[in-house]
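Each remark here refers to the structure printed beneath this line.
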Amino acid sequence: MALLKNHKKYKIATIGSHSALQILKGAHDEGFSTIAICKKGMEKPYKSFKVADKIIIVDEYKDIFKLQNELLKENAILIPHASFITYIGYEKIETLKVPYYGNKKILKWESDRNLERMWLGNAGLKVPLIFDEPKKIDRPVIVKFHGAQGGKGYFIAKHEKDFREKIKPHKTKKYVIQEYILGVPLFIHYFYSSLTNELEIMGFDKRYESNVDSLGRISARDQLALEKVDPSYVIVGNMPIVVRESYLPRLIEMGEAVVNQSKKIVPRGLFGPFCLETILTPEEEIYVFEISARIVAGTNPYIEGSPYTWLKYNEPMSSGRRIAREIKIAINKNQLSKVLS
Ligand code: AMP
């Protein structure tokens, strides 16, 4: 792609799902034209909310590879999000020819649980223990399944016997046995600029998960009356959180540590939006159980900006808009290669 200095000559494109409304709206707010690539039947929100100047309908998300010449002609820049990465696959993403916002090389590290743990652990963050064999279970554990089913079927087990009983219906699935941390989940949204090397806190959220978020609404007696209630963690939406201010120094340091470590594991490291998925215990320990090396859907409540972005920008600044702003600054400074891969 020949470098063009006027950002209006570029288009911001993404797959119509996850946080695309926010990404495309943010791009509009920064003066870009936008493209939504939608699977047939999924295009309505992007039409209705008028965030897409062009909607390209595909039968399958993988058809994005057939659109490459069209996207290149449009000077499109692709913005990844979780659905984008899941539907296309991180290995395939590496082969995309269309300019891509963010560092493709980091995706492998967030997609592989072992690499992810190594990254977080070496950054000095506390991670829940993993039990590689059921017989080693010596405390409450959460058993998580891989794949598109999300948090469906996850269960909590107290010991090996309990685990063996509860795993029976899931024999063929791949799973991980993780120490169960009792505390509150907190999802921390960061943005790291590869242009200024500055880390920003964009906001926080917690998830609204079915059915685990409704179990507390019925008494233990009634739960027992339901005979067998297994919690599931199927995500329905996200809710904003403002954290106790005295936590902020630690939370900022955690983000910095992750970015610094990322530069040791892949050239250029992690940049753009990312999220640490944590549990805070009553002892004020912060356990990180996952990292998302791209925008998370938990930023969606903040299309108008969060309290934190308001402090910094004094104008509505969502994570989606922050991405577009970064791309615009990079174009104007002739540094587009610093934000793409
Ligand atoms: P995940 O599929 O890893 O995002 O986890 C789904 C949900 O399970 C999270 O939103 C948390 O509420 C919960 N969870 C995940 N890992 C743990 C853990 N180690 N201890 C307690 N709860 C967890």
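The values are calculated or read from the model by the stated rules, or taken from the named source; none is laboratory data. Since we're looking at a predicted model, the values are computed, not measured. Note that each Cβ is placed from the backbone with ideal geometry, even for glycine, and that neighbours are counted across all protein chains shown. Accessible surface is based on the protein model in full, side chains and every heavy atom, while ligands, DNA and RNA are left aside. Shrake-Rupley method; radii C 1.70, N 1.55, O 1.52, S 1.80 Å.
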- request: Tell me, yes or no, whether segment 204-225 has at least one residue that is away from the ligand (no atom under 16 Å from the Cβ), touching a residue at least 40 places away in the same chain (Cβ under 8 Å), open to solvent by 20 Å² or more (accessible area, probe 1.4 Å) and not aromatic (F, W, Y).
  value: no
task: Answer yes if at least one residue in segment 274-297 is open to solvent by less than 40 Å² (accessible area, probe 1.4 Å) and more than 16 Å from the ligand (Cβ to nearest atom), and no otherwise.
output: no
message: Condition first: more than 16 Å from the ligand (Cβ to nearest atom) and among the β-branched types (V, I, T). Can you find one or more residues in segment 166-187 that meet it?
response: yes
message: Between P80, P45, which is under 24 Å from H189 (Cα atoms) and within 23 Å of the chain's Cα centre (by Cα)?
response: P80
message: Name the single residue that is modelled with the lowest pLDDT among those in segment 142-165 being open to solvent by 100 Å² or more (accessible area, probe 1.4 Å) and within 13 Å of the ligand (Cβ to nearest atom).
response: A148
- prompt: Quick one: would you say D29 is among the acidic types (D, E) and open to solvent by 50 Å² or more (accessible area, probe 1.4 Å)?
  reply: yes
statement: Of the listed residues (R139, R117), the one being open to solvent by 20 Å² or more (accessible area, probe 1.4 Å) and in contact with a Lys or Arg (Cβ under 9 Å, 6 or more places away or on another chain) is R139
Considering residues of segment 99-134 that are touching a residue at least 60 places away in the same chain (Cβ under 8 Å) and assigned to a loop (DSSP other than H, G, I, E, B) only, the residue nearest to the ligand (Cβ to nearest atom): P128
query: Going through segment 311-341 one residue at a time, which ones are open to solvent by less than 10 Å² (accessible area, probe 1.4 Å) and either not assigned by TED's automatic domain parsing to the domain that holds P267 or not hydroxyl-bearing (S, T, Y) (or both)?
result: M317, G320, I323, A324, E326, I327, A330, I331, L336, V339
field: Some residue of segment 36-47 being in the same structural domain as V266 (by TED's automatic domain parsing), surrounded by 18 or more Cβ atoms within 10 Å (Cβ to Cβ) and assigned to a helix (DSSP H, G or I)
entry: yes
